[in-house]
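The values are calculated or read from the model by the stated rules, or taken from the named source; none is laboratory data. All values reported here derive from a predicted model rather than from experimental measurement. Note that each Cβ is placed from the backbone with ideal geometry, even for glycine, and that neighbours are counted across all protein chains shown.
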């Protein structure tokens, strides 16, 4: 009989405000705190432990998928959802490794954060009031994309009367009905795929659609079409930066369709928000750094003419539209004493340039980071 109880582990995650819980054979349970993995002071997990912990929380559908596919993702609520301090939702990835079961549980706070609290550019509130367009939030895994999107949907839900449909895998933040109607569909439970859910959504009188992940050609195509036909569509991609996001979307299509997609994208795309999550050195948790592009007539022209390499310079000159480059925002955060020089350089696009700026300003950068920054890419 396993001496590990899932309730105690989840209580620890909530109490310590950890972002993730890692359960794998041969190591004690571990939590991620402010970006670092910290082991709990317990014995190492054995195969029987991870199996019993998995069975305690995993629905039958996901247990079957684990056996057949070697892994499954799902979400669940833990604790009294009316008590925000002692409850949370968790997104779970359960998988096999070396024949044993491992789990990673991501804590999703119950409380939806205000856009001002997470520090997104203020112009976003005006943009998401628009009736149509494609708004993309991009960044690596764990950069807070889900939280940003949930905050945008919540803002619309509070201030506007809309029909909002979200398509997620799995559902992370629960969005109660407020001024808007919110229907949340989970891939694998409510609908078989993102693209199928998007196609069906067009017949469900939506105003706003959230596509949890634009992971294949069919989903990207359906999202662009939905934005073109008069809907506000939110989506995510694992890209870092506005220009690379546009290239990634276009490259998903066959060569013969790319010219047409550039034209469609130049009219359908509204904005791209790329983000990175960094550890704050003032011990106040994490902070997000943003790159933000609004599609102006000039940028639409660059997309149409396949000149995405010129987009960064247009973002730099587009400050009056609320635009900013990632490295500029990182530098501002560093100057304010929020983040370390090492973290700033680690997450930047042009590491060498920022390292030089630190030295010119009289700061110090760790030797390893500087060597990395000076390596040819």
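Computed quantities for the displayed model
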| item | result |
| --- | --- |
| Residue satisfying all of: in the stretch 226-236; touching a helix residue (DSSP H, G or I) at 6+ places or on another chain (Cβ under 6 Å) and part of a strand (DSSP E or B); surrounded by the fewest Cβ atoms within 10 Å (Cβ to Cβ) among these | 236 |
| Residue 147 under 15 Å from residue 236 (Cβ atoms), in contact with a helix residue (DSSP H, G or I) (Cβ under 9 Å, 6 or more places away or on another chain) and part of a helix (DSSP H, G or I) | yes |
| Filter result for residue 183 (over 27 Å from residue 288 (Cβ atoms), in contact with a strand residue (DSSP E or B) (Cβ under 8 Å, 6 or more places away or on another chain) and modelled with pLDDT of 95 or more) | yes |
| Any helices (runs of 4 or more DSSP H) falling wholly within the stretch 5-74 and containing at least 1 residues that are closer than 22 Å to residue 110 by Cβ, touching a helix residue (DSSP H, G or I) at 6+ places or on another chain (Cβ under 6 Å) and in contact (Cβ under 8 Å) with a residue 12 or more places away in the chain | 6-15, 47-57 |
| From the options 2, 87, 62, residue that is at pLDDT below 90, surrounded by 14 or more Cβ atoms within 10 Å (Cβ to Cβ) and farther than 30 Å from residue 338 by Cβ | 2 |
| In the stretch 27-44, the residues that are more than 26 Å from residue 282 (Cα to Cα) and within 30 Å of the chain's Cα centre (by Cα) | 27, 28, 29 |
| Breaking point among (1) touching a helix residue (DSSP H, G or I) at 6+ places or on another chain (Cβ under 7 Å); (2) in a helix (DSSP H, G or I); (3) within 26 Å of residue 194 (Cβ to Cβ), for residue 342 | (3) |
